[in-house]
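The structure appears right after this line, and notes come after that.
The values are calculated or read from the model by the stated rules, or taken from the named source; none is laboratory data. Keep in mind that what you see is a predicted model, and the values were worked out from it rather than measured. Cβ coordinates were reconstructed from backbone atoms using ideal geometry, including for glycine residues, and neighbour counts include every protein chain displayed. Heads up: the accessible areas ignore ligands, DNA and RNA and are worked out on the full protein's heavy atoms, side chains in. Shrake-Rupley method; radii C 1.70, N 1.55, O 1.52, S 1.80 Å.
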Amino acid sequence: MRLEIENFAKIGHADIVVDGITVLAGKNNTGKSTVGKALYAVFNALYGIDEKIENRRREEIRIICSTAGRNLWNGADSGMPASPERTQLRRSYMKLWGEIAAELGKYDAGVFTRQLYREIFEQVCERFQIKYLPDIREDFIEDTYEKILSRKKYDNHKIAKELIGRYFQVIFSGQIQCLKRLGADAAIRLTVREKEISMHFFENACVDWKADLGLLHEAFFLDDPFVIDGMGGYYSSDEDFMLGIRDQLAARIEESDRNIMNGLFDAVSAREKLAEVYAVLNQVIKGEILRQNGDWVFATEQYEKPVNLENLSAGLKSFAVIKFLLERGILKERDVLVLDEPEIHLHPEWQMTYAEIIVLLQKSFDLSIIVTTHSAHFLEAVDYFSKKHGVERKCNYYLSSVEAGLASFENVTHEQEKIYAQLVTPGMLLDKLKYEMECGDEE
């Protein structure tokens, strides 16, 4: 898989191979996170996009029908005295509008006529034994037919273009265009098995896109272990698609808990295939994450009572998120995983453990993983464990830099010393400071 980015956000140019583990290293504010977000956004914007559009189309039709139905009922209801019969009639009518909307979703614009609409109306009334006045039917059809037809006529490609634009605006907080080249198109191109997906943006809107293939896998972006705090407040819906990165992940995890059948087979497969991963993971976080009295807790032999996840350290939460994704069958084979500076909450020893987990996940699940870092130690750990577990040929290394305000990336897979030359350690900086102070004292 190859990701190319031009004039996008702070990136002037990037040409990144994502085949196994791709490490983006460099100083702060050099575009590393932007690459990860771009890949994440491409995958999640297009993953199941036809279903997303059809779900929204059905929802629009439902809203049109329910709004018109309420208006008609309010007009007919104004002179009716309160009674059980009136209440029952109102419930019947409310059900009528919903059932009609559901039926309308089965017909394309080419066959949807007023006469067909009348037949659908009558069939639904007969099925649910709802009596209606002909005037009510004609008023309802007159008020809704053109609106519904327009929704059915909208071209999926155009709707997808609007959807992609909105999604990227959410992920990039409305700043898609290159801030140094505002008059230039921003472009992203993803090549998978010689088939291409491309997106073009101008003035922070998607102006064109094409996809020669459908994306069958999800992407996950992990940059904040505190995502597991307070997850009980998320309620999954089609609108999760337009949440920010952190909330999307929290909603995805919550959805897996509400429907216990979700990810069932993937979870079993994960347990069977990831023995090596769990062996390493259990060195840090051995126990079970479960729901107790409405809260997420971590049950372990170390304590007599389960610990609320919010009370775990930031480092343990980093491992808990990975454990959650695996045990719930959320992370699946050949998915995309973006890890943005995963080392920042971890003790050096746990950085080593986390690096090994990344390598083992790729080896076991054939994941496409992007890791951003500015830690020489973490980079070295990924390199070491990739060799230990035999996946070094599936690792690529890039050095990010900024020139004239634009970020670019150099492939240094066989020249990693270029990265180490930039990623100085705190110890080196302290030695420099100590030297300067000592020399100053001598003077």
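Of the residues that make up segment 78-89, is at least one acidic (Asp, Glu), at pLDDT 75 or above and loosely packed, with under 14 Cβ neighbours inside 10 Å? Spell out how you get there, then give the answer.
Restricting attention to segment 78-89, the residues satisfying the condition of being acidic (Asp, Glu) are 85.
Right, trim to at pLDDT 75 or above and you get none.
No, segment 78-89 contains no residue that is acidic (Asp, Glu), at pLDDT 75 or above and loosely packed, with under 14 Cβ neighbours inside 10 Å.
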*Please find, within segment 152-181, the residue that is surrounded by the most Cβ atoms within 10 Å (Cβ to Cβ) out of those that are of a type in the set (S, T, N, Q) and either in contact with a strand residue (DSSP E or B) (Cβ under 9 Å, 6 or more places away or on another chain) or more than 29 Å from TYR117 (Cα to Cα) (or both).*
GLN177
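Which is surrounded by 14 or more Cβ atoms within 10 Å (Cβ to Cβ), more than 23 Å from the chain's Cα centre (by Cα), modelled with pLDDT of 90 or more and not basic (Lys, Arg), of ASP185, ASP139? Step through it out loud before you land on a result.
On the way: ASP139 fails: modelled with pLDDT of 90 or more.
None of the others qualify; the one that does is ASP185.
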_Of all residues being open to solvent by less than 50 Å² (accessible area, probe 1.4 Å) and free of Cβ contacts under 8 Å to residues at least 40 places away in the same chain in segment 279-299, which is nearest to HIS389 (Cα to Cα)? Just the residue, please._
ILE285
*asked:* Need the failing condition index for ILE419 against (1) within 23 Å of ASP15 (Cα to Cα); (2) surrounded by fewer than 21 Cβ atoms within 10 Å (Cβ to Cβ), just the number.
replied: (2)
*Keeping to segment 16-39, report how many residues are within 19 Å of the chain's Cα centre (by Cα) and either open to solvent by 10 Å² or more (accessible area, probe 1.4 Å) or of a type in the set (Lys, Arg) (or both).*
4
*Does segment 306-323 contain at least one residue that is surrounded by fewer than 20 Cβ atoms within 10 Å (Cβ to Cβ) and at pLDDT below 85?*
no
*Would you mind finding the one in LEU274, LEU331 that is open to solvent by less than 20 Å² (accessible area, probe 1.4 Å), in contact (Cβ under 8 Å) with a residue 40 or more places away in the chain and under 21 Å from the mean Cα position of the chain (by Cα)?*
LEU331
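I'd like to know if segment 115-130 contains one or more residues that are under 42 Å from the mean Cα position of the chain (by Cα), of a type in the set (Ser, Thr, Tyr), within 30 Å of ASN156 (Cβ to Cβ) and surrounded by fewer than 17 Cβ atoms within 10 Å (Cβ to Cβ).
So far as segment 115-130 goes, no, none of its residues is under 42 Å from the mean Cα position of the chain (by Cα), of a type in the set (Ser, Thr, Tyr), within 30 Å of ASN156 (Cβ to Cβ) and surrounded by fewer than 17 Cβ atoms within 10 Å (Cβ to Cβ).
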*Number of the exception - ILE5 against (1) in a strand (DSSP E or B); (2) surrounded by fewer than 24 Cβ atoms within 10 Å (Cβ to Cβ); (3) of a type in the set (A, V, I, L, M)*: (2)
